[in-house]
Structure formats: C-alpha cells, structure tokens
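Worksheet for the structure shown next.
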Amino acid sequence: MSDGPSKSKAAAVGKVVTSHDIDGHDLPPSPAPSTPRNGRKYALMTELVYTESTDQYNASSVPIYQSATFKQESATGGAGEYDYTRSGNPTRTHLERHLAKIMNANRALVVSSGMGALDVITRLLRPGDEVITGDDLYGGTHRLLKYLSTHGGIVVHHVDTTNPETVRAVVSNKTTMVLLETPTNPLIKVVDIPSIASIVHAANPAAVVAVDNTMLSPMLLNPLDLGADIVYESGTKYLSGHHDLMAGVIAINDSALGEKLFFTINASGCGLSPFDSWLLLRGIKTLGVRMERQQANAQRIAEFLESHGFKVRFPGLKSHPQYDLHWSMARGAGAVLSFETGDVLVSERIVESAKLWAISVSFGCVNSLISMPCRMSHASIDAKTRAERNMPEDIIRLCVGIEDPDDLIDDLSRAVSLSPTIFGRFSNGNKNRWNPRKLTCVL
Ligand SMILES: Cc1ncc(COP(=O)(O)O)c(C=O)c1O
Ligand SMILES: N[C@@H](CCSC[C@H](N)C(=O)O)C(=O)O
C-alpha cells in the first residue's frame with residue numbers, strides 16, 4: 001500500500017490524522033471511522049450514528065466514490081490504495097470499517113447480497129468436507145447447501161440445532177463448518193451458540209462456526225462474542241431497513257480468515273457497489289431507533305395474537321420454549337414472529353385480507369409484511385422435506401414495521417375476522433376465543 005494519498009489528504013485538512021489501523025495497515029484517506037479497539041467506545045446507539053471521516057472537504061455524509069478505476073501515480077510504483085472498485089472502493093471501505101466497529105469484529109466485508117455472503121463463506125469448503133447445520137433454515141440457505149452437496153462433494157448434516165447434543169453426535173474431524181441461524185427463519189427456534197461453538201471447537205479446532213445473524217442484527221446479538229468464528233447477515237433486512245437495496249455482510253476476528261474471504265470477493269467480483277454501500281451506511285444509522293420501535297410493535301402483536309388463542313412463535317413471549325436461552329444471548333426479541341391457524345386455506349385468506357400488511361417476502365423493513373413461508377420464502381425447500389422438518393404449511397410469518405401498532409392490530413383483526421371459517425368467533429376481548437384446533441374439526 002502506498003502512503004501517499006493518506007499523507008496528502010491529512011495535510012489537506014490541516015490536522016493530524018492517524019492512518020494506521022489496529023493491525024498496522026495504512027488506511028485509505030476517506031474511510032477512517034473509529035474502530036472497536038481504537039480508543040473510546042460509545043454505546044451502540046451512538047456508534048451506529050457516529051463516523052469519523054478524513055474527507056478533504058469535511059463532508060458530513062461519506063462521499064460516493066462512483067468510480068470503477070483509480071489513477072496510479074506511476075506505472076512502476078505498484079498500486080495506490082485503490083486501483084479498481086472490484087478490489088476496493090473508499091465508500092465500501094468506510095462502510096466495512098463502520099460495520100466492523102458495530103459488529104465487534106476485527107474486519108467486516110460487504111457483498112452484493114446475503115446469499116452472496118454465504119456463497120463467499122462456503123467457498124472455504126473443499127470436496128469431502130462436512131457441514132453441520134439446522135433443520136429449520138432460510139430456504140435460500142437450504143438451497144445453496146443442497147447445491148453444494150449435489151455438485152460440490154460437500155456432505156451436509158441437517159440436525160436439530162436447538163439441542164447441542166445433536167451437534168455433538170455428528171461432529172468429527174471431517175467437520176469443517178457449522179452453520180447456525182438463531183432465531184431460525186421461520187419457526188423462530190433458538191440455538192445455543194456458546195454451547196455449540198465449544199462442542200465444535202473441542203472436536204475440531206480448525207472447524208469454523210458461522211452464524212447467520214439476519215434475524216436479530218448487530219443491534220441485538222453479537223455472535224462473535226459468543227464463540228462464533230464468522231458472522232454473516234443479509235444487509236437487505238434490518239441493516240438497511242427500507243427494502244431499497246440488496247447487501248450481505250461478513251464479519252470476522254481472525255485476520256487470516258478475513259484475507260481468504262476477501263480473496264474470494266475480489267476474485268469473484270461480488271463486492272457491494274459504491275452506491276449501495278452508501279445507502280447501506282445511511283440505513284445503519286437508524287438501525288437502533290427502527291429496531292426499538294419494530295420490537296415494541298412486534299411484542300404487542302405477539303401478545304395480542306396469543307391472547308386470542310393462536311400458537312405464536314416469538315422469543316419475546318414467556319411461552320417461547322427457549323425464552324431463557326434466547327435472553328441469555330440476545331438484547332432483544334427482534335420483530336419477526338410466526339403463528340399458526342390450523343388450516344392452510346384460513347391462513348391464505350388471512351394473508352390476502354390484510355391491507356396494511358403487505359404480502360411480501362423479506363423482513364426488517366420499516367413497513368410491516370405478512371407472508372406464508374411455505375409458499376413464498378421457503379418454497380425452495382420441497383414439500384417432502386418441509387413435512388419431514390415439521391414445518392406447518394399453514395404458518396403465517398409477520399415481519400413487523402414501525403407503523404402505529406393499533407393500526408396494525410386493527411388490520412390484522414379485520415383480516416382474521418374476514419376469514420369465513422373464523423367469522424363470528426373472533427373479536428377483541430371475546431372470552432369464547434378462537435381455537436385453531438377446534439377449527440380443524442369444524443372443517
Ligand atoms: C435468515 C436469512 N439469511 C440470509 C438471507 C439471504 O439474504 P439476501 O436475500 O440478501 O440474499 C435471507 C433472506 O433472503 C434470510 O432470511
Ligand atoms: N424468490 C426468493 C425468495 C426470497 S425470500 C427472502 C427472505 N430471506 C425471507 O425469508 O423472506 C428466492 O428464491 O430466494
């Protein structure tokens with residue numbers, strides 16, 4: 001790396017700018033936000049918003065370096081800090097350093113989608129390697145693992161990761177990766193990251209434990225602090241918050257692992273574009289306030305549905321079978337919940353009758369969404385596998401936004417009451433509560 005640009009930029013703003021990061025790397029001029037281990041650390045709500053930049057004009061918003069190439073000072077002096085945006089871009093670097101800070105990581109990398117992040121991670125695998133993962137997973141994750149097992153010679157074990165002993169039973173010196181989600185999407189099962197990480201590392205210290213943190217975001221969970229080696233998430237969800245971009249984030253503490261992952265990103269060309277990097281950086285600043293509001297809304301809706309007899313899956317409810325485990329790891333319940341009606345047609349009718357709740361895949365957006373995972377986000381898991389994994393076909397997933405909670409509840413009540421089979425049984429405060437089990441008999 002050349003030290004020219006950093007020095008000249010520091011001189012241009014007329015102040016001393018420390019340009020070396022914690023590993024002694026000379027940092028590029030613009031992206032120099034505070035890092036977790038570089039001096040004072042503020043509360044997360046503050047760190048989300050606060051960035052230090054050494055921009056030559058002191059721009060408050062990090063500039064978008066919408067440039068594919070960067071001129072070099074000479075033909076022989078090697079590359080400057082940046083030469084080509086696939087390999088690195090100042091806006092992307094700024095975002096990556098900001099994310100490393102809020103994810104409590106040594107290094108963060110950003111790519112073009114959450115699946116892109118998992119693709120980069122799984123390229124660490126070689127034919128014959130074994131992967132252990134859950135039996136309730138986001139459909140796209142299941143699809144990629146299936147592809148790797150049929151085309152890449154990877155052996156994938158799907159086990160019930162809610163019980164660490166099931167992992168102990170299959171882990172071996174062939175296990176190179178363990179992929180976890182918590183809470184799982186869409187069954188909201190909770191996975192004990194510290195126990196599984198210690199079981200796996202004891203069995204094979206070289207095995208990598210990767211956690212998909214999409215459902216909670218760094219606002220509510222830091223898997224790296226709980227023993228994970230890699231944390232990744234879909235930035236399309238809470239991090240951006242507005243469903244206006246696709247992004248994937250990977251965070252690690254091990255520098256050598258970081259270099260391997262970066263190699264793949266550069267070699268395959270999936271690094272996040274400058275504009276999307278800027279947009280994601282903007283979204284992250286409001287993550288705290290959005291998440292607080294979304295969680296509070298989700299809690300009210302979960303309690304409302306439960307009080308009307310529905311089987312609700314949400315870690316904010318004391319009835320969640322792993323309530324204590326969840327709260328031993330996480331700082332909040334998130335804003336995704338699911339519930340069952342007992343009948344697929346009834347669920348369809350409810351989903352289609354909702355007005356305020358958009359029928360849409362994805363979650364983490366400021367707008368509230370309603371979906372039927374078996375027909376939508378998890379349709380890539382075939383019906384037989386869904387049945388083997390006890391995925392209720394009638395399950396409805398709610399991804400709660402920041403709207404007025406009374407409006408959300410009113411809309412949901414209306415949608416439920418419009419369903420012909422439920423009509424007449426469901427109303428606020430009705431003691432004769434709607435019972436999904438009874439409905440099955442009536443039908
Ligand atoms: C838990 C989880 N992980 C990963 C992904 C993949 O993210 P993306 O859609 O950004 O590729 C999704 C959704 O798509 C998801 O729900
Ligand atoms: N058609 C898409 C479905 C994306 S689902 C997005 C999100 N993870 C969710 O759970 O809603 C696909 O084939 O991947």
Dividing the mean separation of Cα pairs under 8 Å (6+ apart) by the residue count of the stretch 308-371 yields a relative contact order in percent of 25
Bridge type composition, the stretch 156-258 - antiparallel percent by DSSP, nearest 5
40
The aspartates and glutamates whose Cα lies under 14 Å from the Cα of Lys71, excluding any fewer than 8 residues away in the same chain, are Glu81, Asp83
I'd like the accessible area for Asp225, computed on protein heavy atoms only with a 1.4 Å probe and all protein chains in place. Round to 10 Å², please.
90
For the stretch 96-174, with only Lys/Arg (+1) and Asp/Glu (-1) charged at the beta-carbon, what is the dipole magnitude about the Cα centre, in debye rounded to 20?
380
Using alpha carbons only, how many angstrom separate the centre of the stretch 211-280 from the centre of the stretch 170-187?
18
Before anything else, pin down the relative contact order of the stretch 40-90: Cα pairs under 8 Å, at least 6 apart, normalised by residue count, whole percent.
25
Grab the beta carbon distance between Ala358 and Tyr50, set R0 = 25 Å, and tell me the FRET efficiency rounded to 0.05.
0.15
Ranking Thr341, Thr69 from most to least accessible area with a 1.4 Å probe gives Thr69, Thr341
Give the distance, in whole Å, between the Cα centre of the stretch 94-136 and the Cα centre of the stretch 371-396.
25
Accessible-area order (highest first, 1.4 angstrom probe) of the listed residues Tyr57, Tyr42
Tyr57, Tyr42
Restraint check, Lys101/Lys237; Lys189/Lys285; Lys311/Lys355; Lys237/Lys355, Cα-Cα greater than 27 Å:
Lys189/Lys285
Counting other Cβ atoms within 10 Å, keep those with at most 16, restrict to DSSP loop, and tell me which trypsin sites (Lys or Arg not before Pro) in the stretch 163-260 are left.
Lys174
Computed accessible area, Cys374, all protein chains, 1.4 angstrom probe, square angstrom:
0
Result for the stretch 198-290: accessible area per residue, probe 1.4 angstrom, in square angstrom, of 31
Hey, if we sort Met391, Met246, Met376 by accessible area with the 1.4 Å probe, largest down, what's the order?
Met246, Met376, Met391
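The values are calculated or read from the model by the stated rules, or taken from the named source; none is laboratory data. Please read all numbers here as calculations on a predicted model, not as lab measurements. Here the Cβ is made from the backbone with ideal geometry for all residues, glycine too, and neighbour counts use every protein chain on show. To get the accessible areas, we keep the full protein, side chains included, count just its heavy atoms, and leave off ligands, DNA and RNA. Shrake-Rupley method; radii C 1.70, N 1.55, O 1.52, S 1.80 Å.
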